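What follows is one structure encoded as structure tokens, with my remarks underneath.
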Amino acid sequence: MASFLFAAAGFVLTSIAVGLFRIFYSGEAADCMMAAQLIGTGGVAVLLLLSVATATPSIADVALMLALLAAFASVGFVGGARGDVPKVTKGDDE
């Protein structure tokens, strides 16, 4: 069973590599963000597969933190694209 989980993790890593290719050779900001979301989701999947394959539950905690960071990144991207995120410049606190 562990060998199947390692093979599945390798397949997911291959799809992450395709996402990296898309980030490096795309000109659109939305395409890059979607590829970054693919990398985040794939990273969570790989970590969870490895957690089950090696019977190490602490790896699952790292996967949950990565999922949380990926969600915040997408919210920040959408807020920045819409202009909802205020820009802080020097002297605004006065």
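Values in this text are rule-based calculations from the coordinates and carry no lab data. Source: prediction; values computed, not measured.
If contacts are Cα pairs under 8 angstrom and at least 6 residues apart, what is the relative contact order of the stretch 2-81 in percent? Intermediate results must be reported in sequence, preceding the final value.
On the way: 69 pairs, mean separation 25.4, N = 80.
Reported relative contact order: 32 percent.
³J(HN,Hα) across the stretch 49-57 via Karplus (A = 6.51, B = -1.76, C = 1.60, θ = phi - 60°), whole Hz, x for Gly/Pro?
Here the 3J(HN,Hα) series is 5, 5, 4, 6, 5, 9, 6, 10, x Hz.
Enter the mean projected area of the convex hull around the alpha-carbon atoms of the stretch 1-51, in nm², rounded to one decimal.
Working: hull surface 12.2 nm².
The orientation-averaged projected area of the Cα hull of the stretch 1-51 comes to 3.0 nm².
Using the Karplus curve 6.51 cos²θ - 1.76 cosθ + 1.60 with θ = phi - 60°, work out ³J(HN,Hα) for each residue of the stretch 29-39 in order, rounded to whole Hz, and write x for Gly and Pro.
Taking θ as phi minus 60°, the curve returns 5, 5, 5, 5, 5, 5, 5, 5, 5, 4, 5 Hz for the stretch 29-39.
Provide the per-residue ³J(HN,Hα) series for the stretch 61-72, in order, calculated from phi with Karplus coefficients 6.51, -1.76, 1.60 and θ = phi - 60°, each as a whole number of Hz, with x at glycine and proline positions.
5, 5, 5, 5, 5, 5, 5, 5, 5, 5, 5, 5
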